[in-house]
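The structure appears below as C-alpha cells.
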C-alpha cells in the first residue's frame, strides 16, 4: 500500500471516528433532554390536575374530567390516574384502562417517590402527591410524537452528515497527503536520475528546514561520499594497475630476452636473480595493497591486546636492520625515571599492524636519509605514547607535505629511490584505526619529522 493511500485512510479513520463519536454524543444528549423535558412537563400538568381535584371541594371527578377534556395544554393521548393511600382510584381521565398498573409499580412509587418507564406507545410517569396528611399516587401517561419526530429527524441528519463528512475527509486526506508527499516524489525522481556516471548530481533541498529538506541534505551528503569513494577507488585501481604492471612487464621482458637464444649458465642465473627480485617486489606490493584496502575499510580479523610500544619499536628496528644492513636506527627513550615501567608504554592494538606501521616509517626515514640513518624518540606526554621519527634527508617541499599520505603519491625528490608510495598512506590508516594520529613536518635543516601519537591502554 502506498504511503499516500495509507495516510488518507488514517486521516479518514481519525476524522470519521471523531465525527461518529460527536454525532452519537449529540444524539444521546438530545434524546435524554427530550425525555427529561417531556417527563417534567407531564409531571407539571398532572400535578396541577391532582391539586385541583384534592384541594377544591366543589370539583369532583366528573367535573374535572369535563374540564380536562377541552384543556388546550393536554398532551397527545394523555392519561392521568389518581389513587388514594388505599390504592383506590379517585380520578381517571379516560376509562379505556390501557395503562397497566400493578402492585409492584405502586409499591415502588410509594418507596422511591418517583418512577418513570416506557409502555408503548406511552411514556409513563408515577410520583407521590402530598396534601396535608394524605399521600396520593399520580400516574400520568402520554405520547410525544413531535419530540420523537425531532429525534428521528436529528438521527437522519447526523447519519447524512457523518456520511458526507467521511467523503470530505477522504478527499481532504487524499489532497493534503499528496501535497505533503510531493517533495518526497521530487526527491525520488531526482534520486532515480542518479547513476554511477552522474554522481555529481544533487537533489534540490528547497528553502525549508523541515524533514524533507533534511532528507534531501542527507541524500546529498551520501552522494558526496559516494562520489569521493568512487573517485578514490578509481584512482586506487588505476595506480595499483600501473604499479603492478611495471614489475610484471619487467619479468616478462627479461624472460623473453632470455628465451631468444641459448645463453651461458651465469646469464640464466643472473636473470633468475633479477626476476626473483621483481617477484619479491611484486609480492610486497600486493601484500601492501591488500593491507591498505583492509585498513582503509576498517576491516580486520585480528585481535587487539595491550602492547608495549618500546618492544614494537625494537622489533621493527631489528627487522629493518636484517633486511637492510646499511640502515641504522638510533632509539631514545624519553622517560622521567631510569626504569621503564610497563604501564608507561602500553597501548591497546594489534601487534602485527602496529609493527608494520613502525617498520614502514623507519624504512622510509632510513631510505631517504643521506647516511641511511634515522632517530626515534619514544616518550609519554600526558595520556599518550608519542613516537618522533627524524631522518637526515633532503627534506620535502611544503607542497608535498600535504599530499605525502595519499596512496601512490611520490614527491619530486624521490624518483631515484625505489618505492610505490603506499607506505605512509598505509601507516596513516593503521594509526587512525587505533584511535591515534600522525603528522609530518620539516625543520629549517630540511629534516623530516614524523610524529605518531597513541593513547595509553588505561585511557581508552
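Points worth noting:
- FRET efficiency for residue 377 and residue 268, using Cβ-Cβ distance with R0 set to 56 Å, rounded to 0.05: 0.70
- The range 3-150, relative contact order in percent, only Cα pairs under 8 angstrom and at least six apart counted: 23 percent
- Exposure proxy ranking, count of Cβ atoms within 10 Å, fewest first, for 273, 452: 273, 452
- Two-site FRET efficiency, residue 304 against residue 248, from Cβ-Cβ distance with R₀ of 41 Å, rounded to 0.05: 0.70
- Remark: the residue 22-residue 333 segment gains 103.6 nm on full extension, using 0.36 nm per residue and subtracting the alpha carbon distance.
- Taking 434, 372 and counting other C-beta atoms within 10 Å, the order from fewest to most: 372, 434
- Taking the number of Cβ atoms within 10 Å of each Cβ as an exposure proxy, the fewest-first ranking of 262, 94, 277 is 262, 277, 94.
Just so you know, all these numbers are worked out from the coordinates, no wet-lab data involved. Because the structure is a prediction, the values reported are computed rather than measured. Glycine gets a Cβ as well: all are built from the backbone with ideal geometry, and neighbour counts include every protein chain shown.
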